[in-house]
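Quick notes on the structure that follows.
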Amino acid sequence: MVSQDWMDKDFYAILGVSKDVDPKTLKKTYRKLAREWHPDSKPGDKAAEQKFKDIGEAYAVLSDPEQRKQYDAVRAMGGGARFTAGAGGAGGAGGFEDVFAQMFGGAGGAQNVRFSTGSGGGVGGLDLEDLLGAFGGAGGFQPGGQGFPGGGQGFPGGFGGARGGSGGMRDVRGQDVEARTSLDFRSAAHGDTVTLSSPDGGRITTRIPAGVKDGQKIRLRGKGMASPVQGGERGDMYLHVSVTPDKVFGRDGDNLTLDLPVTFSEAALGATVAVPTLDGDTVKVRIAPGTPSGRVLRVKERGIRTSKRTGDLLVRVQVVVPQKLSDKAREAVEVLRAEEAGADPRADLYRQTGV
């Protein structure tokens, strides 16, 4: 927020970037530092928690063009003498302290905003009207209006990125943030509860809905950064979900996929076999006589269950060739080969390719 903290904290130094850093480099640097100082990687380390909080605060300000502009303007005034209201004149109810207290939600005078003046009458080398214009948007500072609160005629456009003039400063939302979590395949399919670190160093517990996909982004309303003004709406958190693959099941949309090994005799003569499901039980599947390897059998509504629909289980038949044959089995196969003499299963392939 715009306060003494902005005078005291060098957000560029906290992130280890230059003042002209571009948004892409800024984001890349933030992600690296957030991973390094995340409290989950340094449990019980209070210094790490504070560092993580400082990193999040710095990025929230510098990644927002309007807040960064305001921050740079305030920091530019840090080298000169302070000004505060005197005993008379500007020190009355209409003094600068009271003006900025109204702008930034302070109470009892401008306790959290301290500006410095330069010898030329400006503020730290920056013209006061330009400074107020930076805080108020394109409308700038227009004295003689109806006052500053609410973005009225005296301060059109609200403060620092307000979404509408009618709402004024209370419409300034906090910064949206991003987070990541990883689930195993079955937890993602059934839904799970995860605990995340909040931007202020606390903890957020949220429910991941059943059927979430790898790479899906979930919006958590009001879980982002606090608004830079009192009474403003918090930002949102966008949670990116990664799903680790399963050893047995795959996914095709809301359908589950599974490779089912069958013996040559089961495929040739037909059989009814048990197929595992994601719920931990089995379902019977009929293998028709002469089923080739690769054929897909569909089991209705045994796939991924979401709030909207339930997918199917797609069973892909894989004929297993025996690695070893008994003497009796070998004789049977030799009899089969003799019966198949003259039949060429590749004839159609040759015909289609012109070989």
### Task
Arrange LEU15, LEU220 by Cβ neighbour counts within 10 Å, fewest through most, would you?
LEU220, LEU15
### Task
Compute the label zone of SER293 within the range 323-355: residues whose backbone N is under 16 Å from the point 7 Å along Cα-to-Cβ.
323-325, 345-346
### Sorted by Cβ density within 10 Å, fewest first, the residues VAL283, VAL321, VAL299
VAL321, VAL283, VAL299
### Query
In whole Å, what is the distance between the alpha-carbon centres of the range 228-279 and the range 16-52?
34 Å
### Query
Say R0 is 25 Å: what FRET efficiency, to the nearest 0.05, do ASP252 and ARG207 get from their beta-carbon distance?
0.50
### Task
Using the structure shown, list the pairs from LYS24/LYS308; LYS27/LYS308; LYS213/LYS300; LYS42/LYS308; LYS69/LYS213 with a Cα-Cα distance above 32 Å, or answer none.
LYS24/LYS308; LYS27/LYS308; LYS42/LYS308; LYS69/LYS213
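Rank the residues VAL273, VAL296 as a footprinting-exposure proxy: fewest other Cβ atoms within 10 Å of their Cβ go first.
The order, fewest Cβ neighbours first, is VAL296, VAL273.
Any read-out appearing in this document is the output of simple, stated calculations on the displayed coordinates, not a laboratory observation. As the structure is a prediction and not an experimental result, all values here were calculated from the model. So basically every Cβ, Gly included, is an ideal-geometry build from the backbone, and we count neighbours across all protein chains shown.
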